[in-house]
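Worksheet for the structure shown next.
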Amino acid sequence: MDDHIPSETSGETLDRSYFSDENQHDFKVVGQPSPRLDARGHVTGTTRYFEDNHFRGTLHIKVCRSKRHHAKLTRIDPAPAMNVPGVVRVLTAKDVPANWYTVLRLINVGPNDEPVLAEDSVRYLGEPICAVVAESEAAAIEGASRVQVDYEDLPVVLDVEEALKPDAQIVNPVHGKNYFEYEGHPFRRIRFGDVEKGFAEADHIFEHRYQSRPIEQAPVETTGCIVKPEGDGRLTIYSDTQACFFTLDNTALILDVPTAKLRVVGGTVGGGFGGKVDVMVEPLACIAAMLTNRPVKFVYDRAEEMQVSSPRAAERIYIKDGVMKDGRIVARKMTFYIDSGAYSRHTPYGVTKASAHVPGPYSIPNVWADCHCVYTNRTPSSAMRGFGVTIGDFALESQMDRIAKTLGLDPLIFRLKNAYRDGDTKAHRKKVEGAALIEVIQRAAELVGHDLPEEYRKMSSVKREAK
Amino acid sequence: MAKHFGRGFAAVNYPTGMNLGGDPSQALVHATPTGVFSVVLSSVDLGQGIKTIAAQCAAEVLGLPVENVLVDTADTDTGPHCMGTFASRGTHRVGNAVIMAAREAREVMLEVAAEEMEVDAADLETDGTGFVKLKGSEEKKISIMDVALAAHFKQGRTISGRGMFMKPRNYPDPETGAMDPDSAQSHACTVVDVSVDDETGEVEVLKLQSVYELGRALNPAMVHQQITGGAWMGISHALYETTEPYYPDRSHGPVSFSDYLMPGPSDTPPVTSVVIERPVANGPFGGKGIGEMTANSPIPAIANAIFDACGARVEELPITPERVLRALDAARETAVEA
């Protein structure tokens, strides 16, 4: 095992010289670079994933999807699909016992704002309208392309700030407005200190806008499941979900069956990055399996994974900072417009996570944040690695850099001056514990040969130096 | 036309877990008759390595080599509840649950051993190689296999344990946003070197160096792997990826990896990582977690390196060659006006 121990020469170092009074130990297994238990299986192609379950007589699902951003459905005619050889059944909204749902209802975040299959209208390009169940994937694809749908186009809202204008077209009738409401407020708020007073006192004001676009989780294994009806009347769901019970409970609610009827088998997944927590395939596959009493497979193709599976939300972020001549930030105001798309999924939660991250790892006495979760006519966004924080960090650390460059300050010294430390109070009023921002900056400076003056080399997250 | 070289920095923090509705995970541990320990979970391994971390936590507590621990994940008929794999919660929540379950099993294991050895259980310890031994003695010991056999076939006891970690629900204050959403904060500082071609707008990431603090590194090799993988994702977010290149317009959305750009082997630089440890009291052996954060700091560090190289400040992601060239034009105009 010794040859696996990371070393300075391989570019991987474990340095216990920082916080050495806190991190000594005599563990025997923990702290060792144990090889991954599943690595050999992964690299030799012998690990079993959900798709390695093969059942005789398995049916396949493909979904007929909206070709419009926002439209009334004046007619859905599945008959032409039924004429395709091999097509067994076409599921519509009427086949879904409890069609309206939202995944976070399990933790009391509502309301149900999304249909499993569209009823009288569609609100984004690619929204599922009906599901074609067939003997082969090819027949399901052909069937889905033959379903006749007539649309009556409605006005489209695609920009987050346009969506919040008073006369904007309403995207989602359940909300009745183009934003998620946080306990009576149109956005999640952070209010700490007096940000206007801070701006008035500041020597410099920096105000900038940052924008990201939707990003795909891009797992190697696409979202999918195989559902097998068992002899005892239960359904076994072989799934690549990131959360087995979350999928089980949400699926049972949509099917309107007791949870004991379902069993989820998973746990070994070919990448998730947040893309597999939305419960998109299991309910339809279960319904098809119950109606046909046959195993049913529903797997996204790559195009579905990229265009209709929830991406990382696009975010527009405005930051206004008040900064003193010596580099102390005295006020920071952030406005987030986070693009939820047509439905909520996990984005209201991500927006709260964004608010808790303001103002980054810095102690700023006056902080204000308005974090909007905005509905638009696009593919609903949802979880993705670091959502609520990743794009915020792009904005925050770009902002930190431009302040440092404008004021002629060393970029690391500027951050060290403002770094949070143990005992500080964050903008969301949680006390800072276990801080180590100063130390990672100090160690990074050492790593790249960036000279820091002694007073900054001596700084500590554990306690502030006497003034 | 020239290539410009620059260096950019970014420093970030990242929360362990994100609690809005109560955040529990459970673990069950039991011994087979021959002293192999099975850890049963419903947690999901996406490739991040939760199975390995669970095995290490159980082996450490039980005093066994990690090879003597099996991890069974993700069957809702047999595995106890886990919220799922997200929010950098796995190592922290599942690790804590496994430790609690393993401690309960260890207690029974030592009681069974004490009866076999005719000593007090309080005087026993494990040696980490699969033996229970009398403290201070090298001779008086019994193998964990013999303990398990005795439990099953002589003493009629089950060597097992139940573990649970839960962070209770916390409600944000609607007016001020006061809340307790996380269990810890990890930290990172990333330094990136780039070159920017001012004729093509092309950015090349030449070197990416990071320092991370994530509490205890339970498995340093896997920590470094996360840092390297996250660095690649960060580069990809910074320079290449989007499903909607003309956002807010939805046209030209990519539908395959041939039109959804991601960095290839020639676009990923050498990644250097240093890990420092500040163990956290509420974490498993002091671990905080590193699942998600490793993609974050590379993005602004690259944006800042581009500015350092050529004066182009790009405020939009991804930082395509077109955006670099437009930002260069804007910088030149500002310079002329000044």
In this structure, does B:Ile299 turn out to be within 8 Å of chain A (Cβ to nearest Cβ) and touching a helix residue (DSSP H, G or I) at 6+ places or on another chain (Cβ under 7 Å)?
yes
Total residues in region A:193-215, condition under 24 Å from A:Cys373 (Cα atoms) and either aliphatic (A, V, I, L, M) or part of a strand (DSSP E or B) (or both)
7
Suppose the filter is in a loop (DSSP other than H, G, I, E, B) and touching a residue at least 12 places away in the same chain (Cβ under 8 Å); does B:Tyr247 pass it?
no
Could you please let me know if B:Val223 is facing chain A (nearest Cβ under 10 Å), assigned to a helix (DSSP H, G or I) and surrounded by 22 or more Cβ atoms within 10 Å (Cβ to Cβ)?
yes
Selection status of A:Ala71, among the hydrophobic types (A, V, I, L, M, F, W, C), surrounded by 16 or more Cβ atoms within 10 Å (Cβ to Cβ), without any contact (Cβ under 8 Å) to a residue 40 or more places away in the chain and in contact with an Asp or Glu (Cβ under 6 Å, 6 or more places away or on another chain):
no
How many residues, within region A:39-93, are in a loop (DSSP other than H, G, I, E, B), among the β-branched types (Val, Ile, Thr) and outside the structural domain of A:Val133 (by TED's automatic domain parsing)?
2
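Listed here are the residues, each with its yes/no results for (1) modelled with pLDDT of 95 or more; (2) within 24 Å of A:Glu446 (Cα to Cα); (3) out of contact with any His (no Cβ under 9 Å at 6 or more places or on another chain); (4) within 8 Å of chain A (Cβ to nearest Cβ).
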{"residue": "B:Thr200", "(1), (2), (3), (4)": "yes, no, yes, no"}
{"residue": "B:Val203", "(1), (2), (3), (4)": "yes, no, yes, no"}
{"residue": "B:Gln209", "(1), (2), (3), (4)": "yes, yes, yes, yes"}
{"residue": "B:Gly215", "(1), (2), (3), (4)": "yes, yes, no, yes"}
{"residue": "B:Trp232", "(1), (2), (3), (4)": "yes, yes, yes, no"}
{"residue": "B:Glu244", "(1), (2), (3), (4)": "yes, no, no, yes"}
{"residue": "B:Leu261", "(1), (2), (3), (4)": "no, no, yes, no"}
{"residue": "B:Pro265", "(1), (2), (3), (4)": "no, no, yes, no"}
Unique match (being over 22 Å from the mean Cα position of the chain (by Cα), assigned by TED's automatic domain parsing to the domain that holds A:Val374 and not in a helix (DSSP H, G or I)) among A:Arg263, A:Arg332, A:Arg316
A:Arg332
Quick one: is A:Lys426 farther than 14 Å from A:Tyr18 by Cβ, more than 8 Å from chain B (Cβ to nearest Cβ) and within 32 Å of the chain's Cα centre (by Cα)?
yes
Hey, among B:Val223, B:Val205, B:Val211, which residue is in the same structural domain as B:Cys310 (by TED's automatic domain parsing), out of contact with any Gly (no Cβ under 7 Å at 6 or more places or on another chain), β-branched (Val, Ile, Thr) and closer than 30 Å to A:Thr379 by Cβ?
B:Val205
Selection from region B:105-149 of residues that are assigned to a loop (DSSP other than H, G, I, E, B) and either of a type in the set (Val, Ile, Thr) or touching a Leu at 6+ places or on another chain (Cβ under 8 Å) (or both):
B:Val119, B:Gly128, B:Thr129, B:Gly130, B:Lys135, B:Lys140
Matching entry among B:Gly177, B:Gly156 (being free of Cβ contacts under 8 Å to residues at least 24 places away in the same chain, more than 10 Å from chain A (Cβ to nearest Cβ) and either surrounded by fewer than 24 Cβ atoms within 10 Å (Cβ to Cβ) or not aliphatic (A, V, I, L, M) (or both))
B:Gly156
For region A:69-87, check the following and say yes or no: at least one residue is within 11 Å of chain B (Cβ to nearest Cβ) and within 32 Å of the chain's Cα centre (by Cα).
yes
Contact list please: Cβ distance under 7 Å, first residue in region A:307-336 and surrounded by fewer than 22 Cβ atoms within 10 Å (Cβ to Cβ), second residue of a type in the set (Lys, Arg) and not in a loop (DSSP other than H, G, I, E, B), pairs at least six apart or on different chains.
A:Tyr318/A:Arg209; A:Lys320/A:Lys333; A:Gly327/A:Lys417; A:Arg328/A:Lys417
How about region A:96-114: which of its residues are at negative phi, part of a loop (DSSP other than H, G, I, E, B), modelled with pLDDT under 95 and surrounded by fewer than 17 Cβ atoms within 10 Å (Cβ to Cβ)?
A:Gly110
Which one of A:Val160, A:Val171, A:Val195 is in contact with a strand residue (DSSP E or B) (Cβ under 7 Å, 6 or more places away or on another chain), β-branched (Val, Ile, Thr), away from every other protein chain (no Cβ under 12 Å) and under 30 Å from B:Met83 (Cβ atoms)?
A:Val171
Of the residues A:Leu437, A:Leu447, A:Leu407, A:Leu396, only one is among the hydrophobic types (A, V, I, L, M, F, W, C), more than 30 Å from B:Arg250 (Cα to Cα) and more than 7 Å from chain B (Cβ to nearest Cβ); which?
A:Leu407
Is there any pair with a first residue in region B:11-38 that is more than 13 Å from chain A (Cβ to nearest Cβ) and a second that is part of a loop (DSSP other than H, G, I, E, B) and modelled with pLDDT of 95 or more whose Cβ atoms are under 6 Å apart and which are 6 or more apart or on different chains, and what are they?
B:Ala27/B:Leu41; B:Leu28/B:Pro80; B:Ala31/B:Ile159
If we scan region A:13-32, do we find a residue that is outside the structural domain of A:Thr236 (by TED's automatic domain parsing) and closer than 20 Å to A:Asp240 by Cα?
no
Taking region B:62-76 only, how many residues are in a helix (DSSP H, G or I), of a type outside the set (D, E, K, R) and surrounded by fewer than 24 Cβ atoms within 10 Å (Cβ to Cβ)?
2
Can you confirm whether A:Asp113 is farther than 19 Å from A:Ser309 by Cβ and acidic (Asp, Glu)?
no
Of the residues that make up region B:252-268, is at least one within 20 Å of A:Glu397 (Cβ to Cβ) and either within 26 Å of the chain's Cα centre (by Cα) or in contact (Cβ under 8 Å) with a residue 12 or more places away in the chain (or both)?
no
Given the condition within 30 Å of B:Lys167 (Cβ to Cβ) and touching a Leu at 6+ places or on another chain (Cβ under 8 Å), answer yes or no: does some residue in region B:250-267 qualify?
no
Would you point out the residue of region A:174-192, among those that are part of a strand (DSSP E or B) and either touching a strand residue (DSSP E or B) at 6+ places or on another chain (Cβ under 8 Å) or modelled with pLDDT under 95 (or both), that is surrounded by the most Cβ atoms within 10 Å (Cβ to Cβ)?
A:Ile190
When region B:285-338 is checked residue by residue, the ones that are among the acidic types (Asp, Glu) and assigned to a helix (DSSP H, G or I) are B:Asp308, B:Glu322, B:Asp329, B:Glu333, B:Glu337
Selection from region B:39-56 of residues that are in contact (Cβ under 8 Å) with a residue 12 or more places away in the chain and either at positive phi or β-branched (Val, Ile, Thr) (or both)
B:Val39, B:Val40, B:Val44, B:Gly49, B:Ile50, B:Thr52, B:Ile53
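The values are calculated or read from the model by the stated rules, or taken from the named source; none is laboratory data. Everything numeric here is computed off the predicted structure, so don't read it as measured data. When we count neighbours, we look across all protein chains shown, and the Cβ atoms used for this are built from the backbone with ideal geometry, even at glycine.
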